[in-house]
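Participant: Just passing along the structure, written as structure tokens.
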Amino acid sequence: MNHPEDSPIISRLNPPAGGRLAVEIRQTSVVYQTADSPVHALENIDLNIHEGEFVSLIGPSGCGKTTLVRVIADLEQISAGLVLVNGVSPHEARLARAYGYVFQSPALFPWRTVLANVTLPLQIQGRTKADAKAIALEHLERVGLVGFDGKYPWQLSGGMQQRVSIARALSFEPRILMMDEPFGALDEITRDRLNEQLQQLWQRERRTVVFVTHSIAEAVYLSTKIVVMSPRPGRIVKVIESPLPDDRHLAMRDTSTFIQVAHEVREALADGHHD
Amino acid sequence: MTAKASQWQRLQRDGLPVLVMLVAALLLWYAGAVWLNAAGAIERVLPTDVPWTWQQLLAATMDMQRPVLPTPHQVGLDFWSSLVDWPLDSPRNLLFHVAVTAESTLWGFVMGTLLGLLLAVLIVHSRTLDRALLPWIVASQTVPVLAIAPIVLVILGSLGFAGVAPKAVIAMYLCFFPVTVAMVQGLRSPQRIETEMMHTYAANWWQALWLLRLPASLPFLFPALRVGIAAGLVGAMVAELPTGAVAGLGARLLTGSYYGNTVQIWSALVMSALLGLALTTAVAGIERLVLRRRGQP
């Protein structure tokens, strides 16, 4: 168990399988100055994410889960504390292209084909055209989009577009993948299928994933670690290590272990609301 | 067969309103010509000693030497004869003037577009430049181009620039403004999520400009280019007025008004309208080509 109260020393002494820390967050706060009073988007966050973990941040809106993932991605500045990504600051990690980021909406460029959208980060990194194309085609295959490379984004369904954006985020093989409610706008059937594909992708490649969601089922199905957060001020109420095996399938959602973990998450969410 | 039929239907649908408007405009024009030329015809053409019929008056108003308003067929004949009766290098041929004016328009258009792009990039790049440049850019357009033109000509002339250059500069002066305004909006059109995405890829400023902001601004650019090239044509023609230029559609207008040759003025006007139409059509064609290449619906 890895509670926020754990001191950094203890968690370093007992590293779970996977070993090195991908993300280390110590006593971190984010405060926005507004006209009337400061808003504590995040308050005293402590969190360790080890390499190869699939970590979900779950909580009601306003709990700071998106802010937290944006802090790790250097899209948001912290007011106090310490954040390390691969042992360096988020800024340095971003410049070192340590992570891929999948946004709530696919954010594909409409003037680029699917292939050209996936090669975009590679182009920015100065890879040759031929290289970038080969890599992008391979990643499109991994998300199940063979034969769609010449299409334009508007010719694809919402679920396919989000898969393109995942292929794009992974195209340069970042060790960390951050996803901010990536399937929030999709229907439940598409969402289930994408969850299954994402789970398989994680199993094959064991990248570190930081996943923001407000769906309990999604969090339990995907994660090895579930971080339950609560709002005003944004904080972590509980960290649940999932007892589920790594090899998962959708039918697992009817097992007693799954239901038990889901129950635990729901309890923690309720606790967070009652404080 | 069906394609042909639908084409015919489309022609009927799109062509008919145009045809109706054209006929209406011609009728109004003829009516105006009769009304405006009647006084002159009575005074100069019709016999004073014997009474004349209204048919004579009508015929006279439509066939004056120096009418107040030439009739469409007079303008048409003059226009046509200038094209077929004179060689291309003769100042009597309107196409000769078209070439001269089009040259300065196109140079001004290219320079104006580049200047507009540069200004827009600077404005979007820095808030300070935004505040420093924008008022001047707006103010520049409130100065009448007719007032600016002689100044520019004198200054450039003293620097040794003559011929196309001063005219192109004045065309540029009118061209750059719509391009600047549209491109500032276009370069700022990417959504926050898109700029943040480029940020996560650690894209530098140039990459963000080249890969995101510029492509995103293209749909804003082309309408501005259509406006810009038409404005550039006006600029080029205005620039031909105070120079006493001997060539160009503006010069043709000027000599026409010197000699009271209204028919010549009108055929030059028609030619400049056609040139403007051709230039904007060319820009629209390029727009379609570019946007189709981007596969946009």
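Participant: For the stretch B:16-56, what are the residues that are farther than 19 Å from B:Thr262 by Cβ and crowded, with 16+ Cβ neighbours inside 10 Å?
Facilitator: Of everything in the stretch B:16-56, just one residue is farther than 19 Å from B:Thr262 by Cβ and crowded, with 16+ Cβ neighbours inside 10 Å, namely B:Leu46.
Participant: If I ask for residues that are open to solvent by 20 Å² or more (accessible area, probe 1.4 Å) and facing chain B (nearest Cβ under 10 Å), which ones from the stretch A:117-139 would you list?
Facilitator: Matches in the stretch A:117-139: A:Gln123, A:Gln125, A:Gly126.
Participant: Which one is farthest from the chain's Cα centre (by Cα) among residues in the stretch B:183-201 that are in contact (Cβ under 8 Å) with a residue 24 or more places away in the chain and within 14 Å of another protein chain (Cβ to nearest Cβ)? Talk me through it step by step, then tell me what you get.
Facilitator: We begin by selecting, within the stretch B:183-201, every residue in contact (Cβ under 8 Å) with a residue 24 or more places away in the chain; these are B:183-190.
Now narrow it down to the ones that are within 14 Å of another protein chain (Cβ to nearest Cβ): B:186, B:189-190.
Details: B:Gly186: 24, B:Ser189: 28, B:Pro190: 31 Å.
Checked the stretch B:183-201; the qualifying residue farthest from the chain's Cα centre (by Cα) is B:Pro190.
Participant: Moving on. Evaluate the following for A:Val212: is it more than 15 Å from the chain's Cα centre (by Cα) and part of a strand (DSSP E or B)?
Facilitator: Working: more than 15 Å from the chain's Cα centre (by Cα): no; part of a strand (DSSP E or B): yes.
For A:Val212, the condition - more than 15 Å from the chain's Cα centre (by Cα) and part of a strand (DSSP E or B) - is not met.
Participant: While we're looking at this one, here's another question. Between a first residue in the stretch B:14-40 that is of a type outside the set (Gly, Ala, Ser) and a second residue that is open to solvent by 60 Å² or more (accessible area, probe 1.4 Å) and part of a helix (DSSP H, G or I), which pairs have beta carbons less than 7 Å apart while being 6 or more apart in sequence or on different chains?
Facilitator: Note: pairs meeting the criteria are B:Val34/B:Leu58.
Participant: For A:Arg142, all conditions in the list (1) within 14 Å of chain B (Cβ to nearest Cβ); (2) within 19 Å of the chain's Cα centre (by Cα); (3) open to solvent by 40 Å² or more (accessible area, probe 1.4 Å) hold save one; what is the number of the exception?
Facilitator: A:Arg142 satisfies every listed condition except (1).
Participant: So, one more: Please go through (1) under 16 Å from A:Ser56 (Cβ atoms); (2) open to solvent by 40 Å² or more (accessible area, probe 1.4 Å); (3) acidic (Asp, Glu) for A:Glu181 and return the number of the only condition it doesn't satisfy.
Facilitator: It is condition (2) that A:Glu181 fails.
Participant: Then there's this: Looking at A:Lys151 and the list (1) among the basic types (Lys, Arg); (2) more than 12 Å from chain B (Cβ to nearest Cβ); (3) in contact with a Ser or Thr (Cβ under 8 Å, 6 or more places away or on another chain), which single condition is not satisfied?
Facilitator: (2)
Participant: Is it true that B:Thr180 is in contact (Cβ under 8 Å) with a residue 40 or more places away in the chain and either more than 14 Å from chain A (Cβ to nearest Cβ) or outside any loop (DSSP other than H, G, I, E, B) (or both)? So that I can check it myself, show each step before the final result.
Facilitator: Details: in contact (Cβ under 8 Å) with a residue 40 or more places away in the chain: yes; either more than 14 Å from chain A (Cβ to nearest Cβ) or outside any loop (DSSP other than H, G, I, E, B) (or both): yes.
So B:Thr180 passes the test.
Participant: Provide a single number: the residues in the stretch A:90-111 that are surrounded by 19 or more Cβ atoms within 10 Å (Cβ to Cβ) and either more than 8 Å from chain B (Cβ to nearest Cβ) or closer than 30 Å to A:Arg26 by Cα (or both).
Facilitator: The total comes to 11.
Participant: Let me ask something else about it. Has the stretch A:51-69 got at least one residue that is under 27 Å from A:Gln200 (Cβ atoms), within 14 Å of chain B (Cβ to nearest Cβ), open to solvent by less than 10 Å² (accessible area, probe 1.4 Å) and in contact with a Lys or Arg (Cβ under 8 Å, 6 or more places away or on another chain)?
Facilitator: Narrowing the stretch A:51-69 to residues under 27 Å from A:Gln200 (Cβ atoms): A:51-59, A:65-66, A:68-69.
Subsequent filtering for residues that are within 14 Å of chain B (Cβ to nearest Cβ) retains A:66, A:69.
With open to solvent by less than 10 Å² (accessible area, probe 1.4 Å) added as a condition, the list becomes A:69.
Subsequent filtering for residues that are in contact with a Lys or Arg (Cβ under 8 Å, 6 or more places away or on another chain) retains none.
No, the conditions are met nowhere in the stretch A:51-69.
Participant: Condition first: of a type in the set (Val, Ile, Thr) and either assigned to a helix (DSSP H, G or I) or within 16 Å of the chain's Cα centre (by Cα) (or both). Now tell me which residues in the stretch A:241-271 satisfy that.
Facilitator: Once the filter is applied, which keeps residues that are of a type in the set (Val, Ile, Thr) and either assigned to a helix (DSSP H, G or I) or within 16 Å of the chain's Cα centre (by Cα) (or both), the stretch A:241-271 yields A:Thr257, A:Ile259, A:Val261, A:Val265.
Participant: Let me ask something additional. Every residue in the stretch B:214-229 that is open to solvent by 50 Å² or more (accessible area, probe 1.4 Å) and within 11 Å of chain A (Cβ to nearest Cβ), please.
Facilitator: Selection gives B:Pro219 alone.
Participant: Residue check: is B:Arg131 assigned to a helix (DSSP H, G or I), away from chain A (no Cβ under 14 Å) and among the charged types (D, E, K, R)?
Facilitator: On the way: assigned to a helix (DSSP H, G or I): yes; away from chain A (no Cβ under 14 Å): yes; among the charged types (D, E, K, R): yes.
Yes: the conditions hold for B:Arg131.
Participant: Being loosely packed, with under 14 Cβ neighbours inside 10 Å, within 19 Å of the chain's Cα centre (by Cα) and assigned by TED's automatic domain parsing to the domain that holds B:Ile229 is true for just one of B:Pro135, B:Pro144, B:Pro178. Which residue is that?
Facilitator: Working: B:Pro135 fails: within 19 Å of the chain's Cα centre (by Cα); B:Pro178 fails: loosely packed, with under 14 Cβ neighbours inside 10 Å.
The match here is B:Pro144.
Participant: Please state which one of B:Val138, B:Val75 is under 30 Å from B:Gln185 (Cα atoms) and modelled with pLDDT of 85 or more. I'd like the intermediate steps shown before the answer.
Facilitator: Values: B:Val75 fails: under 30 Å from B:Gln185 (Cα atoms).
Residue meeting the stated conditions: B:Val138.
Participant: In addition: Can you name every residue in the stretch A:70-88 that is open to solvent by 40 Å² or more (accessible area, probe 1.4 Å), in contact (Cβ under 8 Å) with a residue 12 or more places away in the chain and under 21 Å from B:Ala202 (Cβ atoms)? First the steps, then the outcome.
Facilitator: Of the stretch A:70-88, the ones open to solvent by 40 Å² or more (accessible area, probe 1.4 Å) are A:77-82, A:84, A:86-88.
With the extra rule that they be in contact (Cβ under 8 Å) with a residue 12 or more places away in the chain, the set shrinks to A:77-82, A:84, A:86-87.
Correct list: A:Gln77, A:Ile78, A:Leu84, A:Asn86, A:Gly87.
Participant: For the stretch B:61-83, state whether one or more residues are assigned by TED's automatic domain parsing to the domain that holds B:Pro178, in contact with a Lys or Arg (Cβ under 8 Å, 6 or more places away or on another chain) and not in a loop (DSSP other than H, G, I, E, B).
Facilitator: no
The values are calculated or read from the model by the stated rules, or taken from the named source; none is laboratory data. Since the model is a prediction, treat every value here as computed from it, not as a measurement. Using ideal geometry, Cβ is built from the backbone for each residue, glycine included, and neighbour counts are taken over all protein chains shown. Ligands, DNA and RNA are excluded from the accessible area calculation, which covers all protein heavy atoms including side chains. Shrake-Rupley method; radii C 1.70, N 1.55, O 1.52, S 1.80 Å.
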